[in-house]
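Throughout, read-outs are computed from the coordinates displayed, never taken from laboratory work. The shown structure was predicted, so the numbers you read here are calculated from the model rather than taken from an experiment. Methodologically, a virtual Cβ is constructed for each residue, glycine included, from the backbone with ideal geometry; neighbour enumeration extends over all protein chains shown.
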Amino acid sequence: MTNLLYSFRRCPYAIRARLAIVYSQQTVQLREVVLKNKPQEMLQLSSKGTVPILQINDTEVLDESLDIMVWAISQNDPDNWLTQDIHPMLALVDKNDFEFKGWLDKYKYADRFPEYSEHYYREQCEEFLVELEQRLQINAYLFSANLSLADIAIVPFIRQFALVNEQWFKNSPYPHLQKWLYTLINSPLFDSVMLKYSPWSEQKQQYELS
Ligand SMILES: N[C@@H](CCC(=O)N[C@@H](CS)C(=O)NCC(=O)O)C(=O)O
């Protein structure tokens, strides 16, 4: 019985899935995908053509990163990432995925969206940053003093935001968010999911992630 994960190293959705898989000590065979040249084997599992995709035990297929997270954490949750009510966490993650992410893409590629300036797109992103900063003023993590599914689902996107202009981010009025981000992305767990893999399509080489 094998679990197969189609993944792309820098994709924030794939990063959150890999973080949950490693945290919950599940074992998957990772196939690194080149998005411009998606393998047929992956498209046969899910015609959506997005990563991550997880095939569990050669049968069930999950093609949404949050479903992969919930599946992994439900197998094993040593630090109680999912012991609190999941609904407010999912509401915040929803805001991340369907509001913040849209502005983040425009901020990141502002030259492709000349209707408004980079500065304008960054200001739109900041609405979400303000909400996170307020939460992190109360607790070290988004929902309590401990990590939860919500922190892990959101952090890859804040990383992407920070990398657009790291100087600006480091000088921004969000000290709690800065601390939260750098604590999480400098952790051994984060390092373990950011290793560089050669694309599966080239040598058909896959890697064990566990
Ligand atoms: N809702 C999906 C979104 C996944 C997604 O959009 N992934 C991007 C990469 S970051 C993708 O595969 N895009 C397809 C493409 O670029 O062709 C999820 O949460 O898994």
Give me the angle, in degrees from 0 to 90, between the Cα long axis of helix 86-95 and the longest principal axis of the Cα atoms of the chain, rounded to the nearest 10. 70
Looking at the chain, what % of its DSSP beta bridges pair antiparallel, to the nearest 5? 70
Computed from every Cα-Cα pair in the range 65-139, P(r) in 10 Å bins starting at 0 and rounded to whole percents is 17, 36, 29, 15, 3
Taking only Cα atoms of the chain, what ratio of Rg to Rh do you get with Rh as the Kirkwood inverse-distance radius? 0.97
With no solvent and one point per C-alpha, what does the Debye sum give as log10 I(q)/I(0) for the range 86-187 at q = 0.15, 0.16, 0.22 Å⁻¹? -0.58, -0.65, -1.20
From the Cα centre of the range 87-105 to that of the range 161-202, the distance in Å is 18
Using a Cα-Cα cut-off of under 12 Å, which aspartates and glutamates could be cross-linked to K196, ignoring same-chain neighbours fewer than 8 residues away? E32
Using the Kirkwood formula over every pair of different C-alpha atoms, what hydrodynamic radius in Å results for the range 38-91? 12.6
Around I15 (Cβ within 15 Å, Cβ-to-Cβ, excluding I15; K/R +1, D/E -1) the net charge comes to +2
